[in-house]
Amino acid sequence: MSHDYHEAMKLDNQLCFPLYAAARKVTNLYTPHLKPLGLTYTQYIVFLVLWEHDGIPVGEICDRLMLDNGTLSPLLKKMEQAGYVVRERSKADDRVVIISLTEEGKQLQKRARDIPAAVGSCIDLPADKAGELYMLLYELLGNKGSTDNI
């Protein structure tokens with residue numbers, strides 16, 4: 001076994017690990033704020049999309065959240081059962097399912113409005129570094145071709 005192979009297999013040399021650990025840490029910061037609303041983090045980000053653009057196709061939500069339909073569909077069913085959204089077939093194309101907020105789903109935005117600031121205050125990064133991290137992460141998400149060191 002070569003020395004390079006050994007080094008490449010160390011956890012500390014993997015870009016994927018600090019990304020994974022940081023994502024879990026940030027996601028967990030949301031839990032105490034989402035739990036009283038009865039929401040998971042994934043439901044919350046679906047709401048963020050819908051509060052910005054209500055009445056959109058499931059596929060568009062999948063694209064915005066970088067989730068597949070198999071992950072999103074059961075989640076949307078639960079949100080519909082909770083009375084937050086309505087799923088309807090598009091009149092233009094019955095293969096397309098449109099997701100719309102109910103009045104209760106719209107009202108939830110008021111109850112969730114302090115969450116971004118509350119979570120943001122828990123992340124101890126100077127604004128310039130937070131901005132740089134934001135840009136780097138979106139650059140990484142857009143870079144689908146190269147997976148070296150990921």
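The angle between the Cα long axis of helix 69-81 and the main principal axis of the chain comes to about 40°, on a 0 to 90 degree scale. May I ask for the angle, rounded to the nearest 10°, between helix 41-52 and the longest principal axis of the chain, with both axes built from Cα atoms and the value confined to 0 to 90°? So the helix axis and the longest Cα principal axis differ by about 60 degrees. 3J(HN,Hα) along the range 132-140: 5, 4, 4, 5, 5, 5, 5, 5, 5 Hz, from the Karplus curve 6.51 cos²θ - 1.76 cosθ + 1.60 with θ = phi - 60°, whole Hz, x for Gly and Pro. Each Lys or Arg adds one and each Asp or Glu subtracts one; over the other residues with Cβ under 15 Å from the Cβ of LEU133, this totals -2.
Size of the range 20-67 from its Cα atoms: along the principal axes, largest to smallest, the extents are 30, 26, 13 Å. In the complete set of protein chains, residue-level accessible area for LYS35 is approximately 150 Å², probe 1.4 angstrom. Accessible surface for ARG111 stands near 140 Å², nearest 10, in the context of the full protein assembly shown (1.4 Å probe).
For GLU60, the accessible surface of its heavy atoms amounts to roughly 80 Å² (probe 1.4 Å, protein chains only, rounded to the nearest 10).
On C-alpha positions alone, give me the angle between the axis of helix 16-34 and the longest principal axis of the chain, in degrees, nearest 10. It works out to around 30 degrees. With contributions of -39500 (n - 2.57) from each DSSP H run of at least four residues, the per-residue ellipticity at 222 nm computed over the chain stands at -18500 deg cm²/dmol. With a 1.4 Å probe and all protein chains left in place, how much of the accessible area of the range 1-139 comes from carbon and sulfur atoms, in whole percent? The computed percentage sits at 56. Defining a contact as two alpha carbons under 8 Å apart and six or more residues distant in sequence, what relative contact order in percent does the chain show? Across the chain, relative contact order equals 23 percent. A simple charge model with +1 on the Cβ of Lys and Arg, -1 on the Cβ of Asp and Glu and nothing else charged puts the dipole of the chain at about 620 debye relative to its Cα centre. In the list (i) 1.01; (ii) 1.28; (iii) 1.18, the label attached to Cα Rg over 2.2 N^0.38 Å as derived from the coordinates here is (ii). Residues ASP12, ASP94 ordered from highest to lowest accessible area at a 1.4 Å probe: ASP12, ASP94.
The values are calculated or read from the model by the stated rules, or taken from the named source; none is laboratory data. Fair warning: this is a prediction, and the values are worked out from it, not measured in the lab. Positions of Cβ are generated from backbone atoms using ideal geometry, with glycine treated the same way; all protein chains shown enter the neighbour counts. These accessible areas exclude ligands, DNA and RNA; they are computed on the full protein's heavy atoms, side chains included. Shrake-Rupley method; radii C 1.70, N 1.55, O 1.52, S 1.80 Å.
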